[in-house]
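Enquirer: I'd like to ask some things about the structure below.
The values are calculated or read from the model by the stated rules, or taken from the named source; none is laboratory data. Since we're looking at a predicted model, the values are computed, not measured. Note that each Cβ is placed from the backbone with ideal geometry, even for glycine, and that neighbours are counted across all protein chains shown. These area figures cover heavy atoms from the full protein model, side chains too; ligands, DNA and RNA do not enter into them. Shrake-Rupley method; radii C 1.70, N 1.55, O 1.52, S 1.80 Å.
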Amino acid sequence: MTDTSLRSVTVERTGPGHFTATNARGGTISFGTGSDTEGDTDFTPVELLLAALGGCTAVDVDIATSRHAEPSEFSVAVTGNKINDELGNRMTDLRVTFSVVFPDGDGAERARAILPRAVKTSHDRLCTVSRTVETGTPVTATVEDA
């Protein structure tokens, strides 16, 4: 592995059930337990996973299609079922669905034509997040000596 391959975030507890992740560039995102208390709109870790799946593929598809035409609508719905079985808590039936509209004009027909291929290529080769989920990369959890 090279220094350019390492990716990292740091997660800090900001209060009961509330956390902030900070990336190496200083960007932050808050998340929490998703409790049903009034006003708790924080994303849960599972929702962040779904957002990462959709976002990763959305970036790839946007790069491939928007060079031909700017979309007038571009959304990605990501769904899955959270289950608990003999393997523990996990997500199943993950589904990423694109809804993209290109207005008539220069390059729109080309953008429409390559959209399915761009989605497939992202899923099959480019999207690091979905490729990691599908290949089942092991996760190591440790406790640092205090």
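Enquirer: Going out from 0 in 5 Å bins, what whole percent of all Cα-Cα distances in the stretch 1-90 drops into each bin?
Expert: The calculated distribution, bin by bin, is 3, 10, 14, 16, 18, 17, 12, 6, 2, 0.
Enquirer: Here is a follow-up. Hey, what angle do you get for helix 108-121 against the long axis of the chain, alpha-carbon based, 0 to 90 degrees rounded to 10?
Expert: Helix 108-121 sits at roughly 40 degrees to that axis.
Enquirer: Between Leu94 and Arg25, how many nm apart are label points set 7 Å from Cα along the C-beta direction?
Expert: 2.2
Enquirer: Where in the chain is the longest stretch that carries no trypsin sites (Lys or Arg not before Pro) classed as loop by DSSP and with at most 14 other Cβ atoms within 10 Å? Each step should come with its number before you reach the end.
Expert: Numbers: sites that count: Arg7, Arg25, Arg67.
The longest such stretch corresponds to 68-146.
Enquirer: So which GluC sites (Glu not before Pro) in the stretch 27-87 are both in a DSSP loop and have at most 15 other Cβ atoms within 10 Å of their Cβ?
Expert: Details: sites: Glu38, Glu47, Glu73, Glu86; in loops: Glu38, Glu86.
Those satisfying the criteria are Glu38, Glu86.
Enquirer: Next question, about the same structure. How far is the Cα center of the stretch 90-118 from the Cα center of the stretch 1-25, in Å?
Expert: Using only Cα atoms, the two centres lie 31 Å from each other.
Enquirer: Same structure again: What net charge is computed for the residues neighbouring Asp124, neighbours being all others with C-beta under 14 Å from the C-beta of Asp124, Lys and Arg scored +1, Asp and Glu -1?
Expert: On the way: positive: Arg117, Lys120, Arg125, Arg131; negative: Asp60, Glu134.
Every neighbour counted, the sum reads +2.
Enquirer: What distance in nm separates the two pseudo spin-label positions at Glu70 and Thr10, each 7 Å out from Cα along the beta-carbon direction?
Expert: The answer from the label model is 3.9 nm.
Enquirer: Please report Rg (one decimal) and Dmax (integer) in Å for the Cα set of the stretch 43-146.
Expert: 17.0, 62
Enquirer: Can I ask one more? So, with a 1.4 angstrom probe, what is the percent of accessible area on the stretch 36-97 that is carbon and sulfur?
Expert: Values: 2060 of 4100 Å².
Carbon and sulfur together cover 50 percent of it.
Enquirer: Where only protein heavy atoms count, and the probe is 1.4 Å, what is the accessible area per residue for the stretch 1-144 in Å²?
Expert: Numbers: 10430 Å² over 144 residues.
Result: 72 Å² of accessible area for each residue.
Enquirer: If R0 is 30 Å, what FRET efficiency do you get for Arg125 and Asp85 from their C-beta distance, rounded to 0.05?
Expert: On the way: r = 30 Å, r/R0 = 1.01.
Once the sixth-power term is evaluated, E becomes 0.50.
Enquirer: What is the sum of charges, Lys and Arg at +1 and Asp and Glu at -1, for the other residues whose Cβ falls under 13 Å from the Cβ of His18? Before the final figure, lay out each step's value.
Expert: Details: positive: Arg13; negative: Glu12, Asp40, Asp42.
Result for the local shell: -2.
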